[in-house]
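Quick notes on the structure that follows.
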Amino acid sequence: MLIVDTHCHALPHWFEPVEVLLHQMHANGVEKALLVQVRGQFDNRYLIECVRRFPGRFSPIVVVDTDRPDAQQVLEQWVGEGAEGVRLGPTVRSPGNDPLAIWRKAAELGLPVSSLGSFEGFTSVQFTQVVREFPSLPIIVEHLGGIAGTMPRPMPNSDRSWHLHSIPTSISKSMDWARFARVPCRSRSQCAFRTFRRLSRWHTTPSGRVV
């Protein structure tokens, strides 16, 4: 079975260099990984370099400065260099006459969007507008849409949040099992079990697409 890590960070000055990540992948039987650029870091050359140095192991998810009027052109240039996805916040808007220009460019280029934001952002009118405007654009909702283990039950606007997760082109991603468990976990599988048990008390994911 091919094992893919859907969310990794690698930088020479933050998190860890790619060589350390490759060692961890080898130790755990992970064949491929998505290299996700960190928020606020617009120089994606290291991610592209990693892909070229280790063919077939990584897919780069880049970040661009969406406040720049030429952000769409910059994104297209990164795609020419090998980018395979882009990271955008759920309420991101472009300057100029078309507020959805950067989302439109991602859809035009066929790029999946990995979206990092708060629970309020994912349940906002702005994000709902994006989803409706680009129904065929794959959107990966990071960190289960900003849901935190300390949130009250029932969660405010939870119906709207889980409705967005049920859209055919959306995928919910969770990397924070321990945040939900409260009791210290002895293993990842134990954290995962406690997480889903707690989440089931809040709501049920209609689509079942959680990575």
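A few notes on this one:
- Among residues of segment 77-106, those that are over 19 Å from the mean Cα position of the chain (by Cα), within 25 Å of PHE58 (Cα to Cα) and not polar (S, T, N, Q), counted: 2
- Residue count for segment 35-57, restricted to those that are under 16 Å from the mean Cα position of the chain (by Cα) and in contact (Cβ under 8 Å) with a residue 40 or more places away in the chain: 3.
- Subset of segment 66-86 [assigned to a loop (DSSP other than H, G, I, E, B) and out of contact with any strand residue (DSSP E or B) (no Cβ under 6 Å at 6 or more places or on another chain)]: THR66, ASP67, ARG68, PRO69, ASP70, GLY82
- Pairs where the first residue, in segment 83-106, is without any contact (Cβ under 8 Å) to a residue 24 or more places away in the chain and the second is surrounded by fewer than 21 Cβ atoms within 10 Å (Cβ to Cβ), C-beta under 6 Å, 6+ apart: PRO99/ARG93
- Only listed residue being at pLDDT 95 or above, closer than 14 Å to THR6 by Cβ and β-branched (Val, Ile, Thr), chosen from VAL51, VAL36, VAL20, VAL62: VAL36
- Filtering segment 32-48 to residues that are assigned to a loop (DSSP other than H, G, I, E, B) and surrounded by 13 or more Cβ atoms within 10 Å (Cβ to Cβ) leaves GLN37, VAL38, GLN41, PHE42, ASN44.
- Output for segment 49-65, where each listed residue is in a strand (DSSP E or B) and either crowded, with 22+ Cβ neighbours inside 10 Å or on the phi > 0 side of the Ramachandran plot (or both): PHE58, PRO60, ILE61, VAL62
- Within segment 87-126, the residues that satisfy the criterion of being of a type in the set (Val, Ile, Thr) and in contact with a strand residue (DSSP E or B) (Cβ under 9 Å, 6 or more places away or on another chain) are VAL92, ILE102, VAL113.
- Filtered by the rule that a residue be surrounded by 16 or more Cβ atoms within 10 Å (Cβ to Cβ) and either at positive phi or not in a helix (DSSP H, G or I) (or both), segment 127-139 gives PHE134, LEU137, PRO138, ILE139.
- Hits in segment 136-155 - residues which are in contact with a Lys or Arg (Cβ under 7 Å, 6 or more places away or on another chain), at pLDDT 75 or above and of a type in the set (A, V, I, L, M): ILE140, VAL141
- In segment 87-126, the residues that are within 11 Å of GLY146 (Cβ to Cβ) and in a helix (DSSP H, G or I): PHE119, GLU120, GLY121, PHE122
The values are calculated or read from the model by the stated rules, or taken from the named source; none is laboratory data. Computed from a predicted structure; not experimentally measured. Glycine also receives a Cβ, built like all others from the backbone with ideal geometry; neighbour counts cover every protein chain displayed.
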